[in-house]
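**Q** I am attaching a structure below and will ask some questions about it afterwards.
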Amino acid sequence: MLIAGEASGDLLAAELVSALRAQFAASDSRLPATPEFFGAGGEKMAAAGVELAFDLTQHSVIGITDVLKNLLKFRRLFHELLALAIERKPDVVIGVDYGGFNLRFGQAVKKYVRENPFSKWNPKIVQFVSPQVWASRPGRADKLARDYDLLLSIFPFEQAWYARRVPQLRVEFVGHPMIGRFANDDLHFASGLARGASSANRPPQILLLPGSRKSELQRHLPPMLTAVKMIQEKMPAAKAKMVLPNPALLQLAKSLGANLEIQIGELPWALAEADVAISKTGTVTMECAFFGVPTVTLYKTSWLTYQIARRVVTVKSLTMPNLLAGEMVYPEFIQSDATPENLSRAALELLQDESRRTKIKSQLAKIIGSLGEPGAAARAANAVLSLFP
């Protein structure tokens, strides 16, 4: 059983399913030849052959305010999935990212097992992608250690962090999945070709990455679009493009005043052409880093969510490349600091300072070099199957 609640987790889960199928096909007779996969996720999991109870990615929200608004819906979906797990009794339950939901789900499954010892059902519980317990509420690590059989990490520092706090929890660093996902010769050729063009022959390319949720577009797009106008006032030749993860967000973007080229999906190809990006913090900043794109990051949320977060978050940056580097490689603007003036000024500085761009690209190359070799999904599949000697 697999559960993924966001677009990035849906892709990661689909890759894991494909890797598990390959491992099953190559295994000895101790494993069934035709494993069954079911749960909740999105279209990529469905395409990989996962039987979905529903599309959980359609309900993706972030922040305490959005969660509270949808609390009854999430409780219903949660209990529906728990009932499905109890009915079908999978051998392993794998939560893919989506930590707020999946950690509670894993705990609920273990609670049921403890309270029903005669059911003879005791599945392995796995979390693929560590929740950011090292950034806030570290006490959640103790709950992971109590209920989980395996944690699959995609960042190198996490394994040592857990070893210090909860050494009894098995944590495997499998590498970052994008390393293999983007290892495409044609793509790297296109990237080199685009970046190799001189500024005299090619106008500056600005890429906007506002997010994958409606609330993110509503908060991020207005300052981003105004920032682009301010940049173009000083650099009239600059071109801007936006990438959205799915067509469902297209009309919302246009209603918010997005009068520019909008691309659906195919983010790697857009990054291969970009000189500078303006992006929300989160997973996508690692993709910016992989392609060596100097990026200005931002995040805006509700007042209540921000007030809570500023009291519990202990890390100095919300941008993962900055955390991995131990310094502010990417300029970052959070909440009231995420103004058009700040975004445009930072982006212009990156566009106009070639030596700074070169330094950033060098820092990004070191960050990406720390994330392991291609094959994260295969290593994750091996780790899952090792739970069944």
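The values are calculated or read from the model by the stated rules, or taken from the named source; none is laboratory data. Small disclaimer: the values here were computed from a predicted structure and weren't measured. Virtual Cβ from ideal backbone geometry, glycine too; neighbours counted across all protein chains shown.
**Q** Is at least one residue of the stretch 364-384 outside any helix (DSSP H, G or I) and without any contact (Cβ under 8 Å) to a residue 40 or more places away in the chain?
**A** Checked the stretch 364-384: no residue is outside any helix (DSSP H, G or I) and without any contact (Cβ under 8 Å) to a residue 40 or more places away in the chain.
**Q** What helices (runs of 4 or more DSSP H), lying completely within the stretch 36-95, carry at least 3 residues that are in the same structural domain as residue 150 (by TED's automatic domain parsing), of a type in the set (A, V, I, L, M, F, W, C) and modelled with pLDDT of 95 or more?
**A** Correct list: 43-47, 71-88.
**Q** Filter the stretch 339-387 down to the residues that are closer than 15 Å to residue 172 by Cβ and hydrophobic (A, V, I, L, M, F, W, C) and list them by number.
**A** 371, 376, 377, 378, 380, 381, 383, 384, 385, 387, listed by residue number.
**Q** How many of the residues in the stretch 70-106 are surrounded by fewer than 16 Cβ atoms within 10 Å (Cβ to Cβ) and among the polar types (S, T, N, Q)?
**A** Number of matching residues: 1.
**Q** Counting residues that are β-branched (Val, Ile, Thr), which helices (runs of 4 or more DSSP H) fully inside the stretch 260-320 reach at least 3?
**A** It comes to 303-312.
**Q** Does the stretch 235-263 hold any residues that are in contact with a helix residue (DSSP H, G or I) (Cβ under 6 Å, 6 or more places away or on another chain) and either exposed (fewer than 13 other Cβ atoms within 10 Å of the Cβ) or farther than 17 Å from residue 213 by Cα (or both), and which are they?
**A** The answer is 238, 240, 257.
**Q** Of the residues 257, 211, only one is under 19 Å from residue 293 (Cα atoms), assigned to a loop (DSSP other than H, G, I, E, B) and not hydroxyl-bearing (Ser, Thr, Tyr); which?
**A** When all the criteria are applied, what remains is 211.
**Q** Something else: Pick from the stretch 170-210 the residues that are more than 26 Å from the chain's Cα centre (by Cα) and modelled with pLDDT of 70 or more: which of them is surrounded by the most Cβ atoms within 10 Å (Cβ to Cβ)?
**A** Residue satisfying both the conditions and the ranking: 204.
**Q** Here is a follow-up. Just for the stretch 158-169: of the residues that are farther than 19 Å from residue 382 by Cα and in contact with a helix residue (DSSP H, G or I) (Cβ under 9 Å, 6 or more places away or on another chain), which one is surrounded by the fewest Cβ atoms within 10 Å (Cβ to Cβ)? Spell out how you get there, then give the answer.
**A** Initially, the stretch 158-169 is screened for residues farther than 19 Å from residue 382 by Cα, giving 158, 160-168.
Of the ones still in play, those that are also in contact with a helix residue (DSSP H, G or I) (Cβ under 9 Å, 6 or more places away or on another chain) are 161-162, 165-168.
Numbers: 161: 17, 162: 22, 165: 16, 166: 19, 167: 10, 168: 8.
Looking at the filtered set, the residue picked out is 168.
**Q** Is there any pair with a first residue in the stretch 232-246 that is at positive phi and a second that is crowded, with 16+ Cβ neighbours inside 10 Å and in a strand (DSSP E or B) whose Cβ atoms are under 6 Å apart and which are 6 or more apart or on different chains, and what are they?
**A** Between residues of the stretch 232-246 that are at positive phi and residues that are crowded, with 16+ Cβ neighbours inside 10 Å and in a strand (DSSP E or B), there is no close pair.
**Q** Now a separate question. I'd like the full set of residues that are out of contact with any strand residue (DSSP E or B) (no Cβ under 7 Å at 6 or more places or on another chain) and of a type in the set (Gly, Ala, Ser), limited to the stretch 88-102.
**A** Listed by number, the residues that qualify are 99, 100.
**Q** Go through the stretch 11-20 and give me each residue that's more than 10 Å from the chain's Cα centre (by Cα) and within 13 Å of residue 102 (Cβ to Cβ).
**A** Of everything in the stretch 11-20, just one residue is more than 10 Å from the chain's Cα centre (by Cα) and within 13 Å of residue 102 (Cβ to Cβ), namely 13.
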